[in-house]
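Here's the structure we're looking at; comments come further down.
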Amino acid sequence: MFFSNSGRPGLRRRVAMPVFCGATLLIAQSVFAHVFPSKQEPGAGTTVSAPAQVKITFDGPLEPAFSTLSVTDVTGKPVSTGKASIDAQQPDVITVPLPALAAGHYTVHWIAVAADGHRTHGDYSFNVK
């Protein structure tokens, strides 16, 4: 026996349209996603021995030309010794070298620009014992 939906020509459209819209939304979310930190070294609020660098791993690739990472002391003076860098082999990781830090409170400032151009930024602090 052969079944036909010729009696209901709009059925296919009514089913296809929500599926199409849902798929479009899923694709748009992944294409226009902002990146956020997934791991910070040293971590936010931690007390550590003087680190040689600050390293932040994001949940997506970064645009190296526009993403930055810096560290300041309690007075707001920059203590980062070099320019932040993103390794081509790990485009989701940004690092900045540090000098031997004295005991104290330090703040990390980051700006992350995703490969699609969307920008996020944030700050967090850590302490050196």
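Kindly list the residues of the range 102-129 that lie in the label zone of residue 48, defined by a backbone N under 15 Å from the point 7 Å along the Cα-to-C-beta vector.
Answer for this model: 102-110, 124-129.
Can you tell me which aspartates and glutamates have their Cα less than 19 Å from the Cα of residue 55? Leave out same-chain residues fewer than eight positions away.
Filter leaves 41, 63, 73, 87, 92, 123.
Under a point spin-label approximation (7 Å from Cα along Cα-to-Cβ), what is the residue 39-residue 83 distance to one decimal in nm?
For the pair residue 39/residue 83, the computed spacing is 2.6 nm.
If packing is taken as the average number of other Cβ atoms within 10 Å across a peptide's residues, how do 96-107, 72-83 rank, most packed first?
Numbers: 96-107: 14.7, 72-83: 12.0.
Sorting 96-107, 72-83 by mean packing, highest first, produces 96-107, 72-83.
No value in this document is a laboratory result; all are computed from the given coordinates. Bear in mind the structure is a predicted one, so any value in this text is a computation, not a measurement. So basically every Cβ, Gly included, is an ideal-geometry build from the backbone, and we count neighbours across all protein chains shown.
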